[in-house]
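The values are calculated or read from the model by the stated rules, or taken from the named source; none is laboratory data. Fair warning: this is a prediction, and the values are worked out from it, not measured in the lab. No Cβ is skipped: glycine too gets one built from the backbone with ideal geometry, and neighbour counts run over all protein chains shown. Heads up: the accessible areas ignore ligands, DNA and RNA and are worked out on the full protein's heavy atoms, side chains in. Shrake-Rupley method; radii C 1.70, N 1.55, O 1.52, S 1.80 Å.
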Amino acid sequence: MKKWLVLLAIVAIVTAFTTVTKENKINNEEDIKKAVNKTLPLLQSSSHLFLENAGGCQSCHHQDLTAVTLSLAKEKGFTVNDSSLTEILNSVDTVIRARKDVLAQNGDPVAIVMSSAYQLWALWANKHQSNKLTDMLVKNLMQRQIHDGSWVSPNPRPPLEYYAFSATALMVSALQYYSPP
């Protein structure tokens, strides 16, 4: 009897995943496009509001991840407000420029690992060319690598910063695109 129940369960699962009709698939694609078109303006306005109200603070989730998302949306043909994206990228640039002297002395604490890695991801996603500042930032971050070859977040906040895996993946990505000469 157990064999028949297991077989019936397998058949039910396979059937459930294979009965999507072409009509349902088209509606899903349209629903996805509607959801993205509804969400993009909210992301852009929340990024602007955060910058306006945070006293010059630039945020991983409000600017960096939004810049990556807007870049991907733009590549897929969605409408993105270019002035909003420019504002975000300017905020990233301003934060990096503000650390120029500290970066030159290699004095930034380990806390910059996550924020700077997200900033570099945002810049790369938007095809920002490397320059002296990105070179200094990457060199500084390379020196934050720990003995086992990974990077760690000083603030283990789930889900994005909890494991060394996240920091290491972001840093490997940054090194691929912004390795100094």
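Could you please put Lys74, Lys34 in sequence from largest to smallest accessible area, using a 1.4 Å probe?
Lys34, Lys74
Describe numerically, in nm with one decimal, the distance between label points set 7 Å from Cα along Cα→Cβ at Glu30 and at Asn155.
In this crude spin-label approximation the distance works out to 4.4 nm.
Using DSSP to call loops (not H, G, I, E or B), can you name the chymotrypsin sites (Phe, Trp or Tyr not before Pro) in the range 80-162 whose Cβ has at most 15 other Cβ atoms within 10 angstrom?
Tyr162
For the range 43-181, go through all pairs of different Cα atoms, get the mean of 1/r, take its inverse, and jot down that Kirkwood value in Å.
15.3 Å
Mind ranking Val95, Val102, Val138 by accessible surface for me, highest first, 1.4 Å probe?
If we order Val95, Val102, Val138 from most to least accessible, we get Val102, Val95, Val138.
Wrap a convex hull around the Cα atoms of the range 50-125, take a quarter of its surface area, and give that in square nanometres.
Approximately 5.2 nm², given one-decimal rounding.
List the trypsin sites (Lys or Arg not before Pro) in the range 84-181 that DSSP assigns to loop (not H, G, I, E or B) and whose Cβ has at most 11 other Cβ atoms within 10 Å. Which are they?
For trypsin sites (Lys or Arg not before Pro) across the range 84-181 that sit outside H, G, I, E and B with at most 11 neighbouring Cβ atoms in 10 Å, the list reads Lys127.
Return the inverse of the average 1/r over all pairs of distinct C-alpha atoms in the range 102-181, which is the Kirkwood hydrodynamic radius, in Å to one decimal.
With all distinct Cα pairs of the range 102-181 included, I get 12.5 Å.
Quick check: pseudo-label points 7 Å beyond the Cα along Cα→Cβ at Lys76 and Gln105, how many nm apart are they?
Each label point lies 7 Å from its Cα, and together they span 4.5 nm.
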